[in-house]
Amino acid sequence: MWRMDLKARVELAIGLAVVALGTLLLVSACGSDDGHGHAGTGTMTSNGPAGSIQVKLVNWAVEPTATSAKAGTVTFHVVHDMQHMHTTNEGGNVHDLQVARKNADGIFEIVGQVQGLKMGDTRDLTLDLAPGDYELQCNATEEVNGQVVAHYVKGMHTPFKVL
Ligand SMILES: [Cu+2]
């Protein structure tokens, strides 16, 4: 009778080990790859931390999921979206996000930034923001076929309000 018990125990142990291994494989597959074949943030979703505002950087626009936020701690989940694959070299291989506050004199002052996001890159930018008018900008410049391309001029800026 004790032999039966032992066999059952061994089978149970093997069963548990298989389940544990399966879970481990799932977790490591998620952690090492964002599902697009690029080194990512290690998260399965592209939505970023809870309460964050996703900001997509594309050619040639800055596209936040919200255009305003309450004053205080604001986290921007910045994504250089790789949905758009460049067929011609128009530039835009690397984008930045500058969060700029409009001062009383109308001049923008950068209060935080992340730079050098390649296609598929994501970065979180957490800032303590006071109420006011802001702009989300990409001020990257690059040379394409001998021409200087300024991303801001191409359209990479959008208004943002902190209330
Ligand atoms: Cu850009």
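The values are calculated or read from the model by the stated rules, or taken from the named source; none is laboratory data. Just so you know, these numbers come straight off a predicted model, no measurement behind them. A quick note on method: Cβ atoms are made from the backbone with ideal geometry, for glycine too, and the neighbour counts reach across all protein chains shown. In case anyone asks, the SASA skips ligands and DNA or RNA and just uses the protein heavy atoms, side chains included. Shrake-Rupley method; radii C 1.70, N 1.55, O 1.52, S 1.80 Å.
Quick check on region 144-158: of everything there that is of a type outside the set (Gly, Ala, Ser), under 17 Å from Val55 (Cβ atoms) and open to solvent by less than 30 Å² (accessible area, probe 1.4 Å), which residue is farthest from the ligand (Cβ to nearest atom)?
The extreme case among them is Thr158.
Scan region 102-122 and tell me whether some residue there is assigned by TED's automatic domain parsing to the domain that holds Val58, outside any strand (DSSP E or B), open to solvent by less than 20 Å² (accessible area, probe 1.4 Å) and over 15 Å from Glu63 (Cα atoms).
Yes; the residues of region 102-122 include at least one that is assigned by TED's automatic domain parsing to the domain that holds Val58, outside any strand (DSSP E or B), open to solvent by less than 20 Å² (accessible area, probe 1.4 Å) and over 15 Å from Glu63 (Cα atoms).
Looking only at region 132-153, decide whether some residue is farther than 17 Å from Val62 by Cα and at pLDDT 95 or above.
Looking for residues that are farther than 17 Å from Val62 by Cα and at pLDDT 95 or above, one finds at least one in region 132-153, hence yes.
One residue is enough: does region 125-142 have a residue meeting the conditions touching a Ser or Thr at 6+ places or on another chain (Cβ under 7 Å), within 14 Å of the ligand (Cβ to nearest atom), open to solvent by 60 Å² or more (accessible area, probe 1.4 Å) and aliphatic (A, V, I, L, M)?
No, region 125-142 contains no residue that is touching a Ser or Thr at 6+ places or on another chain (Cβ under 7 Å), within 14 Å of the ligand (Cβ to nearest atom), open to solvent by 60 Å² or more (accessible area, probe 1.4 Å) and aliphatic (A, V, I, L, M).
List the residue pairs whose Cβ atoms are under 9 Å apart, where the first residue sits in region 114-134 and is over 18 Å from Lys102 (Cβ atoms), the second is of a type in the set (Gly, Ala, Ser) and open to solvent by 40 Å² or more (accessible area, probe 1.4 Å), and the two are 6 or more positions apart or on different chains.
Pairs that qualify, where the first residue is over 18 Å from Lys102 (Cβ atoms) and the partner is of a type in the set (Gly, Ala, Ser) and open to solvent by 40 Å² or more (accessible area, probe 1.4 Å), are Gly120/Gly37; Gly120/Ala39; Gly120/Gly40; Asp121/Ala39; Asp121/Gly40; Thr122/Gly40; Thr122/Ser46.
State yes or no: is Val58 within 15 Å of the ligand (Cβ to nearest atom), surrounded by fewer than 19 Cβ atoms within 10 Å (Cβ to Cβ) and among the β-branched types (Val, Ile, Thr)?
Yes, satisfied.
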